[in-house]
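The values are calculated or read from the model by the stated rules, or taken from the named source; none is laboratory data. Model, not experiment: these values are computed from the prediction. Don't worry about glycine lacking a Cβ; one is built from the backbone with ideal geometry, like all the others, and counts go over all protein chains shown.
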Amino acid sequence: MTTEETKLEIIKAAELAIKELIRVAKEQILTGEDGDISADKLKNAAATKKLAIFDAFEILTRIEEERNIITGNIQVQEKKGGFAERRGK
C-alpha cells in the first residue's frame, strides 16, 4: 500500500468520524423522559455538542488540506521580505 493509498484510507475513516460527530451534535439534550435536569448536566451536554461540532469542522478542514496535497492543488503562500524582515515582526 502506497502512502497515497494510506492517506485516502485515513480520509475515508475521518469522513466516518465526522458522521458520528454530526450524530452526537444532533442528539436532543432534553427528551420527554428526563424530567428535571440539573444545570450542570445541561452545561455538560451543551459542551459535548460544541466539542463535537468543532472537532467535525477541524477534521473536515484537515481532509480538505490532505486532498489538496494528494491532488497537487496546494496554494503556497508567498513569503514577503527576507529572513530578517519576517523575524522582526
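Here are the numbers:
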| quantity | calculated |
| --- | --- |
| Filtered residues of segment 14-36 (kept if modelled with pLDDT under 90 and of a type in the set (Asp, Glu)) | Glu33, Asp34, Asp36 |
| Answer residue from segment 37-89, given it is among the small types (Gly, Ala, Ser) and surrounded by 12 or more Cβ atoms within 10 Å (Cβ to Cβ) and is modelled with the lowest pLDDT among those | Ala45 |
| Segment 6-29, residues that are over 14 Å from Ile63 (Cα atoms) and out of contact with any helix residue (DSSP H, G or I) (no Cβ under 8 Å at 6 or more places or on another chain) | Glu20, Arg23, Lys26, Gln28 |
| Among residues of segment 14-53, those that are over 30 Å from Glu64 (Cα atoms) and outside any loop (DSSP other than H, G, I, E, B), counted | 6 |
| Filter result for Leu51 (under 29 Å from Gly72 (Cα atoms) and without any contact (Cβ under 8 Å) to a residue 24 or more places away in the chain) | no |
